[in-house]
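Trainee: My questions all concern the structure below.
The values are calculated or read from the model by the stated rules, or taken from the named source; none is laboratory data. All of these numbers come straight from a predicted model, not from anything done at the bench. Every residue, glycine among them, receives a Cβ derived from its backbone with ideal geometry; neighbour counts consider all protein chains shown.
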Amino acid sequence: MLAPPSSLPRAALLAVLLTTGLAVADPSPQDVAASRTLFDEGRKLMKAGKFAEACPKLEEGVRLNPGIGMRFNLAECYENLGKTASAWALYLDVAAAAKQKKEFPREKEARARAAKLESKVSHLAVVVAAEVPGLEITRDGSVIGKGQFGTAVSLDPGTYTFTAKAPGYEPWEQKVVLGPDGATVTVTVPALVEKKKPVVVVVPPPPPPATGLGAKRTVAIGAAAVGLVGVGLGTYFGLRAIHLNDSAAPHCEGNACDGEGYTLRTDARLAGNVSTVAFVVGALGLGTGVALWVLGAPGTSEPRASVTLAPGLAFVGVGGRW
């Protein structure tokens, strides 16, 4: 069977257009002249065994002026270059064109050449394990239509790169070597693996504030109570120190005191020290209480945060922003 158009050289495609009756513009005199020059050069290279250099000359000649003789020589060049599928298909095209022009000897020769090559034409089939929406399979960059799936098409021997891709799936690629002399290879496109979707982990908001006073304000009340006690003790011992000092005055002249005066002044000094310490403790307690009361006031709720995890990536968002 004929290989699909995408597997044939451009010259063979042009030959197909000609033999199927589609309109092709007649070559200009300049194109005919250039084609003749390319034909002569291509033939010389073929006789010298330089088929890799000859085939591009003949391909360009066919593009400029796709005559039967030019195409026949291009098919022969392909055959010697090992492009069996291209040569086989082009020989058949030449035979069909020769038949239309009643050039029966050339038709017979072209068909004989094609028949001789048919058993040497290699084939390659693409089998799809599982189709997914938007699946696209290519061979060396050319899209393979769904109609080719599972069908062994004729191809020239060589190395081909097959790819498969679809939205939301990991791409697949494989290189395949197709051998000569009628080799048959089946390429199986495995079921594509879905891409890993980002996982969004939502961090819950902080718990609402307690309905009571809260820990800080509870401690604030305790600290203020200690402060008030300190102030009260400081006031008491301060007044006592004044009273004792006044009571010692009749028993002292300057710093000289009798026994009772000395005792009263000593007690007054001790009461004064206790008063000072009590006032300091009271001030600290009241100051701490006020500070804790202010800090313990109910605050605004914390912004909601979320963490997005993706392969090799992590994003943290706060308040809906990233």
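Trainee: Quick one: in region 114-135, of everything that is in contact with a strand residue (DSSP E or B) (Cβ under 6 Å, 6 or more places away or on another chain) and buried (at least 17 other Cβ atoms within 10 Å of the Cβ), which residue is farthest from Pro157 (Cα to Cα)?
Mentor: Filtering first and then ranking leaves Val128.
Trainee: Shifting gears a bit: Checking the condition of a type outside the set (A, V, I, L, M) and surrounded by 13 or more Cβ atoms within 10 Å (Cβ to Cβ), which residue from Gly259, Gly272 passes?
Mentor: On the way: Gly259 fails: surrounded by 13 or more Cβ atoms within 10 Å (Cβ to Cβ).
None of the other options fit; the residue is Gly272.
Trainee: Right, another one. Can you pull out the helices (runs of 4 or more DSSP H) entirely within region 9-116 that have at least 2 residues that are modelled with pLDDT of 95 or more and among the acidic types (Asp, Glu)?
Mentor: On the way: elements: 10-19, 29-47, 51-64, 68-81, 84-100.
The qualifying helices (runs of 4 or more DSSP H) are 29-47, 51-64, 68-81.
Trainee: Quick one: Val177 ticks every box in (1) outside the structural domain of Met46 (by TED's automatic domain parsing); (2) of a type in the set (A, V, I, L, M, F, W, C); (3) crowded, with 18+ Cβ neighbours inside 10 Å except a single one, so which number is it?
Mentor: (3)
Trainee: Next question. Here are some conditions: (1) β-branched (Val, Ile, Thr); (2) modelled with pLDDT under 65; (3) within 30 Å of His243 (Cα to Cα). Thr300 meets all but one. Which one does it not meet?
Mentor: For Thr300, the exception is condition (3).
Trainee: Then there's this: Restricting attention to region 87-106, report how many residues are farther than 22 Å from Arg36 by Cα and not aliphatic (A, V, I, L, M).
Mentor: From region 87-106, those farther than 22 Å from Arg36 by Cα are 88-89, 92, 96, 99-100, 102, 104-105; that's our starting set.
Narrowing further to those that are not aliphatic (A, V, I, L, M): 88, 99-100, 102, 104-105.
Residues meeting the conditions: 6.
Trainee: Within region 97-113, identify whether any single residue is surrounded by fewer than 17 Cβ atoms within 10 Å (Cβ to Cβ), in the same structural domain as Ser35 (by TED's automatic domain parsing), under 22 Å from Leu155 (Cβ atoms) and more than 44 Å from the chain's Cα centre (by Cα), and answer yes or no.
Mentor: no
Trainee: Hey, can you tell me all the residues within region 139-151 that are at negative phi and surrounded by fewer than 16 Cβ atoms within 10 Å (Cβ to Cβ)?
Mentor: Residues satisfying the conditions are Ser142, Val143, Gly145, Lys146, Gly147, Phe149, Thr151.
Trainee: Just checking: which of the strands (runs of 3 or more DSSP E) contained wholly in region 172-235 hold 2 or more residues that are modelled with pLDDT of 85 or more and over 29 Å from Val294 (Cα atoms)?
Mentor: 172-178, 184-189
Trainee: Here is a list: Ala152, Ala112, Ala125. Which entry is free of Cβ contacts under 8 Å to residues at least 24 places away in the same chain and within 30 Å of Leu74 (Cα to Cα)? Give the steps one after another, and end with the answer.
Mentor: Values: Ala152 fails: free of Cβ contacts under 8 Å to residues at least 24 places away in the same chain; Ala125 fails: free of Cβ contacts under 8 Å to residues at least 24 places away in the same chain.
Just one listed residue meets the conditions, Ala112.
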